Amino acid sequence: MNQQFFSTPVSLRQTAVTDDFWNRAIELVRKEVIPYQWDAINDRVPGAAPSWCMRNFRVAAHLMRDKRQKGAAFVPPSYTFRGFEALPEDPAHPEEDRFYGFVFQDTDFSKWIEAVGYSLARHPDPELEKIADEAIDLVCAAQTEDGYLDTYYIINGMDAALTNLRDHHELYCLGHLIEGAVAYYQGTGKDKLLKAACGFADYIADRFGPEEGKCHGYPGHEIAEMALVRLYEVTGEERYLNLSRYFIDQRGQEPNYFIQEERDRAARAGQVLRRPSTDPAYHQAHKPVREQDEAVGHAVRAVYLYSGMADAARLTGDKALFEACSRLWDNIVRKKLYVTGGIGGTHVGEAFSYAYDLPNDTAYSETCAAIGLVFFARRMLQISPESRYADVMEQALYNTVLAGMALDGKSFFYVNPLSVVPEACERDKRLQHVKHVRQKWFGCACCPPNIARLASSVAQYAWTESEDILYTHLYLGGFVEKRFGDQTLKLDIASRFPWDGHVVATIHAEQPVNGTLAFRVPGWTDDARVSSDKERRDRSGYVYLTGRWQDGDTVVLDFPMPIRMLTADPRVREDIGKVAFTRGPITFCAEEADNGANLHLLRVDRTRLELPGEGLSIKPQTTFGHHTLALTLPGLRQPLPEEGALYHPFAVPDEEQVTITLIPYYAWANRGPGEMSVFIRI
Ligand code: FUB
Ligand code: ZN
C-alpha cells in the first residue's frame, strides 16, 4: 500500500460523458429508467409486480404523524410478523396500515433517489427534482424521533427492531439510504435526506459498538460498511468510519453473532434452537474477515463487504485488511469469475460456488453481483492503481452489467446465464431462476435500480484523482476537469470505445498546469502505444505522464483490439473443449437469430480459422438503432438426423461448413426469444 497512489472518484459535476456508447446508456436511464422506476415504486405499472415501497413510507409517515399529533408514546399496530414477504390477501384492497413487500422494500426508493442525484448532477431537471423533493419529504416524515428509519419495523412494531440483523436488512436499508442521500446531496446541494441518513446512522452508532450493553452485531446483508465510509467522507464525522470498521471487524468473530441472535429469538419464543437455520458463510460471517481467503456465500453481499473493507483499508492504512481484500480478489478472478465479468455460479443462495464451478446454463450471475464487483474493483484501484483491477471492472461493466438492461431500457435481467435454450427455461424447474426474456420489473427489484445508479455515475469509475494525479481507468468519451493546485486542467477524451482502441486526449487549460496524468493500458491489448512529449513512467499497467500541460497538448493512445479466442482453465468442467470470443472489453455470444436453433451443434472450424479471407472478421451491426460490432468466424454444423434410435454406433458426423456470427453479450435477447451461447465447441 503506497499512499502516494491513493485516489478518490472525481465529482460527477467535473465530468461529462458524451460518447455514443455510454451517453446512450446514461440517457436511457434518465429518460426511461428513472421515470419508469418512479412509477414502479408507486405501484403504477400495469401488469408489473407491485413494489409497495412508497406506500409503505406513506403508512409509516401516517403512523408517525399520529404519534406526533397525539404526543403519546409511539404504539405501533400489534401485528404478528408474517415473515420475509407479506402479501395482501386482496391486492386491490390492501389493508390500510400494513407493511407489504420484502423487508428491504425501502431500498427501492433509496436506489431511485441515488440515480436521480447522479442524473441531476449533470442534467438539471426542475420537474424531476420537485418529484424527488416531495418523495424525500414523505420518507423523512416516516422517520422516528430518535432517527430510526426502516418502515418494516416502524409499521410492524419497533419492539422487534434490531433483533434479526441476519435476515431483516435494517442495516442494508441504512446503507442504501446513505448512498442515496449522499448522491442527492452532491447532485443538488440539498441536505434534507442527508440529515435523515445521518440521523439513522447516529441511531445505529449509539447502539452498536464494543461497549457492554451495546449490540455486537453487524449487517446480515452488507453495504452499510461502504456507505458509512462515504458518509464519513462527506461529513467528516469519524463516528461513521468507526462504525464501518466495527461492522467489518466484528463479522465472523466468536461467538458468532448471527447464531447467538437466532438462539435468543428462539428463546424469546419459548423454544430451543437446535441448529442455526443458515450457514454463517452465506453472510461471510464464518470467520473474521482478515482470515478470509475464499469468496463464499451470497455473491452480492460478499462483494459489497469487500468493497467496504477496501474503503476502510484505504482510509485507515490498514495493511492486513487490504491484504485480505487482495486474497479475496485473487480468489474471485482466478477461480470464480465468468468470462462475462459475472459472479455467482449457483442459484442456491444466489451464491459463489466452489472453485472452477462456473456452469453456463444454470449460472446465477446476478446483475447486482457484477455491479458489486465493479464497486470492489474501483476501490482496489483507489488503493493500488493496477490495470488488472480495471480490466475486471471493465469486463463486468461492459458485459454483465449492461446485459442486465434491454437496449431500449425497458426491461431487465436479474440472472445472466451464459447459455440459454428457451424451452429449457420454460420447462426445466432447475432453471426456474433463468429467464430468456428480460422482465419489466421484479417483486425483488434489486437489479434494475442498481443498473440505474451505476450507469448514471459511470464517470466516477472512469476517473479518480489524488492531489497531483488524474487517473483514467476507462476510456469513456467525454471530459473531466481536475484542479492541480490553483489551476484547472480539462481533459477532453475522444474515444470510440468499446469498438475502437484509438483514443485522443486533448488538454484544455487557461494557464499551463503542472501535474501527472495516468492512463491505463488495458490487459487485453499487446501492442499499446502512448504518444506524448511529457516525462513517462510505467507502473502496473498505467502510464504516468508528468509535466507542464499547455492548452492544446494531446496524448494519443492506441490500444489494438484483436479478436481473442479464449479457453477456460481445464478445471472448469463446463467449458472444456469450448472457446469464447472477446474483443477489447467486449465478450461475444452466438444467438439463434443469426445462427439458427440448436447452437450446441455448432463448432469452430479450426482448419479454416487461419485461411486468408476465411478467418475471424468484424462487421457492423445495428439493433434498435444501436450500433455494435458483430464477429464472424468459420464454423461447422452437425446435421440433425431423422428422429429415431436415441443411441446408435458412433460415426464421424458429416458436418456442414457455416459462418458463425457472434454479437456482444450485452446485446443478446433484444431480437425476440431464442437460444444463446457464449462458449462454442472447438
Ligand atoms: O437481499 C437484498 C437483495 O435481494 C440482494 O442483494 C439480492 O441478491 C436479492 O436477493
Ligand atoms: Zn439484484
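Summarised in one figure, the compactness ratio Rg/Rh of the stretch 257-350, Cα atoms and Kirkwood Rh, is 1.07. Using the Stokes-Einstein relation with a Kirkwood hydrodynamic radius computed over Cα pairs, the translational diffusion coefficient of the stretch 277-402 at 4 °C and a viscosity of 1.567 mPa s comes to 91 µm²/s. The shape of the stretch 167-303 comes out prolate: with a ≥ b ≥ c from the C-alpha gyration tensor, a/c is at least 1.5 and a/b beats b/c. One quarter of the convex hull surface built on the alpha carbon atoms of the chain amounts to 33.2 nm², the projected area averaged over directions. For the stretch 1-60, the square roots of the Cα gyration tensor eigenvalues, ordered a ≥ b ≥ c, give a/c of at least 1.5 with a/b no greater than b/c, which places it in the oblate category. Extent along the principal axes, Cα only, for the stretch 619-682: 48, 24, 18 Å, with the longest axis given first. Across q = 0.27 Å⁻¹, the stretch 576-652 modelled as identical point scatterers on its alpha-carbon atoms has Debye log10 I(q)/I(0) values of -1.51, in the order of the q list.
Based on Cα contacts under 8 Å between residues 6+ apart, the chain shows a relative contact order of 12 percent.
When shorter helices are ignored and each DSSP H run of at least 4 residues is given -39500 (n - 2.57), the per-residue value for the chain at 222 nm works out to -10500 deg cm²/dmol. Judged by the mean number of other Cβ atoms found within 10 Å, the most tightly packed of the peptides 369-382, 344-357, 176-189, 658-671 leads the ranking 369-382, 176-189, 658-671, 344-357. Note on the stretch 415-553: percent of Cα-Cα distances in each 5 Å bin, starting at 0 and stopping at the bin with the largest distance, equals 2, 8, 15, 16, 14, 9, 8, 8, 7, 6, 4, 2, 1, 0. Each principal axis of the Cα cloud of the stretch 348-432 was taken in turn, and the coordinate range along them, longest first, works out to 47, 36, 18 Å.
Every number in this text was worked out from the coordinates using simple rules, so none of it is lab data. Bear in mind that the values here come from a model prediction, so they are computed numbers and not experimental data. Cβ coordinates were reconstructed from backbone atoms using ideal geometry, including for glycine residues, and neighbour counts include every protein chain displayed.
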